[in-house]
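Working notes for the structure below.
The values are calculated or read from the model by the stated rules, or taken from the named source; none is laboratory data. The structure presented is a predicted model; accordingly, all values stated were derived computationally and were not measured. So basically every Cβ, Gly included, is an ideal-geometry build from the backbone, and we count neighbours across all protein chains shown. For accessibility, only protein heavy atoms count, side chains too; no ligands or nucleic acids. Shrake-Rupley method; radii C 1.70, N 1.55, O 1.52, S 1.80 Å.
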Amino acid sequence: MSDQPTAAITIRPAQGADVAALDALLVASFPAPAEAVLVRDLCVEGDMVLMLVAIDEATDALIGAIAFSRMAVEIGGKPINSVALAPIAVAREWRQQGVGEALVAAGLERLEKEGVVLCFALGDPAFYGRFGFAADVASGFDSPYAGEYFLAAPLQGGLIPCGVRGAATHAPAFARLGDAA
């Protein structure tokens, strides 16, 4: 697997004109429409923090997308600016070409500049570990997703506030995710 896309891509924030292509990508990328419903609900309910898309510069086609949504996270009884990364999707013909990695890196860079302290993900530690996500960073937070695949990446230079870890609560749309599957 390459760390860089083999063709020229542009990563930019999603726009209104991307909705149909984004929905089609999400439906095609997963076995059920749950992730497309999740993204729609996060947007409608005002919990979407950042949605980036990858565009093939040769065809202007939307070939990848990544979503970051609001989370309620506490350390030492104080709210911590945090987000959840989910979902990430790449068109089948573009997989294993670095598009997903480019989306994750671009998203984390932008979120760090915007003052986000922690980014949570639920997924493969081998993939997400390349971007600083680790189970030990997410450990101790009260979450229904807690376990070896519940990961977090500290942004802001890797600094995490001291204190007792409290709740790490995803946006309400995540609780309905199983209903859409």
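Data table
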{"read-out": "Residues located in region 145-167, provided they are farther than 23 Å from ALA105 by Cβ and either touching a His at 6+ places or on another chain (Cβ under 7 Å) or of a type in the set (A, V, I, L, M, F, W, C) (or both)", "value": "ALA146, CYS162, VAL164, ALA167"}
{"read-out": "Single unsatisfied condition, ALA84 versus (1) open to solvent by 40 Å² or more (accessible area, probe 1.4 Å); (2) closer than 23 Å to ALA175 by Cβ; (3) in contact (Cβ under 8 Å) with a residue 12 or more places away in the chain", "value": "(1)"}
{"read-out": "Among (1) surrounded by 14 or more Cβ atoms within 10 Å (Cβ to Cβ); (2) of a type in the set (Val, Ile, Thr); (3) farther than 29 Å from ALA32 by Cα - the single one THR169 does not satisfy", "value": "(3)"}
{"read-out": "Residue list for region 37-49, restricted to those being in contact (Cβ under 8 Å) with a residue 40 or more places away in the chain and within 23 Å of ARG92 (Cα to Cα)", "value": "VAL37, LEU38, VAL39"}
{"read-out": "Selection count, region 138-156, where residues are more than 12 Å from MET71 (Cβ to Cβ) and among the aliphatic types (A, V, I, L, M)", "value": "4"}
{"read-out": "Checklist (1) of a type in the set (S, T, N, Q); (2) open to solvent by 40 Å² or more (accessible area, probe 1.4 Å); (3) more than 30 Å from THR10 (Cβ to Cβ) applied to SER143, failing item", "value": "(2)"}
{"read-out": "Pairs with Cβ under 9 Å, 6+ apart, first in region 11-26 and without any contact (Cβ under 8 Å) to a residue 40 or more places away in the chain, second assigned to a strand (DSSP E or B)", "value": "GLN15/VAL53; ALA24/LEU62"}
{"read-out": "Close pairs from region 115-137: first within 16 Å of ALA67 (Cβ to Cβ), partner open to solvent by 30 Å² or more (accessible area, probe 1.4 Å), Cβ under 7 Å, at least 6 apart", "value": "VAL116/ASN81; LEU122/TYR145; LEU122/TYR149; GLY123/TYR149; PHE131/ALA105"}
{"read-out": "Subset of region 95-107 [in contact with a strand residue (DSSP E or B) (Cβ under 6 Å, 6 or more places away or on another chain) and without any contact (Cβ under 8 Å) to a residue 60 or more places away in the chain]", "value": "GLY100, GLY107"}
{"read-out": "Top-ranked residue in region 118-133 [being aliphatic (A, V, I, L, M) and open to solvent by 30 Å² or more (accessible area, probe 1.4 Å); ranked as farthest from ILE80 (Cα to Cα)]", "value": "ALA126"}
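Yes or no, residue by residue, for (1) closer than 22 Å to ASP124 by Cα; (2) part of a strand (DSSP E or B); (3) modelled with pLDDT of 95 or more:
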residue	(1), (2), (3)
ASP23	no, no, yes
PRO31	yes, no, no
LEU50	yes, yes, yes
VAL53	yes, yes, yes
GLY64	yes, yes, yes
GLU74	no, yes, yes
ILE80	no, yes, yes
ALA86	yes, yes, yes
